[in-house]
Every structure is written in structure tokens, then in C-alpha cells.
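These notes are about the structure you will find just below.
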Amino acid sequence: QVQLVESGGGLVQAGGSLRLSCVASGRTFRNYGMGWFRQAPGKEREFVAAITWSGSGIYAPDSVKGRFTISRDNAKNTVYLQMNSLKPEDTAVYYCAAGINPSSSQYRAWNYWGQGTQVTVSS
């Protein structure tokens, strides 16, 4: 089992920045790829970014490229999501995930999930 706890969400104005953190415990953190997903009300969970266990592979959709950056610190069992130039459409609950196939953008392919942290971007 891997336990994931997110933090860093909040309310920010459009154009602002937030940094989300996700601390993992349980099974060896560095064995897993890590990812971030988000879910807005009435919408399906959406892939935001992912990173391989070594940090050498990073995946992200075009909607966030150039604005969001994923990174990880295996010594701290932590993965981060730096979000810049936030837009109102980025408003959602953001979830941290762990899985053995970080290249997958399908949420059903991921094994472990955090409880989520709310990000609200006002216009």
C-alpha cells in the first residue's frame, strides 16, 4: 500500500501561482511513477502531469505545458506540482496518484490516490 497526502491548494486569482505537494508513505516511493489529476464538478478526472520514478520522464497534456511543472524529491518521498499562470478553467480538486505506468493518462491505470486538494482560480 501507498498512502498519499496532498497539500497546497487554495484560492488564487487568475494569473497567479500555487505549488501543490504530495507526501507518500508505505511501500517504497521511488518504485512508482507519480502523477497529478484533477476533477471539476460534473466532469471526468483529467490527467495533468506525471513523472517517472527517476524523474527522467515527464508527461503532460498541451493544456498545461508551459504553465505546470511536475517534480519529485525521492529523499523526501514528495512530488510537487508547480502551477503558474493559473486560469479559471484550472479550478478543480487536484489528486495525487502513484502507479507503475506513469505514461498513462487514464486514471483507471493508476493504483493509489490521495484524498485531493481544492484549487480555485477566480477571474
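Observations, loosely collected:
- If you go through the range 72-82 and keep only what is open to solvent by less than 50 Å² (accessible area, probe 1.4 Å) and part of a strand (DSSP E or B), you end up with Arg72, Asp73, Thr78, Val79, Tyr80, Leu81.
- The set of residues from the range 10-32 being over 11 Å from the mean Cα position of the chain (by Cα), under 17 Å from Tyr94 (Cβ atoms) and open to solvent by less than 40 Å² (accessible area, probe 1.4 Å) comprises Gly10, Val12, Gly16, Leu18, Ala24.
- Check on Gly42, over 19 Å from Trp110 (Cβ atoms) and open to solvent by less than 30 Å² (accessible area, probe 1.4 Å): no
- Inclusion of Lys65 among residues that are open to solvent by 80 Å² or more (accessible area, probe 1.4 Å), in contact (Cβ under 8 Å) with a residue 12 or more places away in the chain, out of contact with any Leu (no Cβ under 8 Å at 6 or more places or on another chain) and part of a loop (DSSP other than H, G, I, E, B) is not warranted.
- Single match in Phe37, Phe68, Phe29 (criterion: more than 16 Å from Gly116 (Cβ to Cβ), aromatic (Phe, Trp, Tyr) and at pLDDT 95 or above): Phe68
- Subset of the range 83-106 (residues that are in contact with a strand residue (DSSP E or B) (Cβ under 7 Å, 6 or more places away or on another chain) and open to solvent by 60 Å² or more (accessible area, probe 1.4 Å)): Lys87, Ile100, Asn101, Ser103
- Of residues in the range 83-123 being part of a helix (DSSP H, G or I) and at pLDDT 95 or above, the one nearest to the chain's Cα centre (by Cα): Asp90
- Among residues of the range 107-123 being among the hydroxyl-bearing types (Ser, Thr, Tyr) and within 18 Å of Glu6 (Cα to Cα), the one that is least open to solvent (accessible area, probe 1.4 Å) is Thr117.
The values are calculated or read from the model by the stated rules, or taken from the named source; none is laboratory data. Since the model is a prediction, treat every value here as computed from it, not as a measurement. Ideal geometry is used to build each Cβ from the backbone, glycine not excepted, and the neighbour counts take in all protein chains shown. Keep in mind that these areas ignore ligands, DNA and RNA; they rest on the heavy atoms of the full protein, side chains included. Shrake-Rupley method; radii C 1.70, N 1.55, O 1.52, S 1.80 Å.
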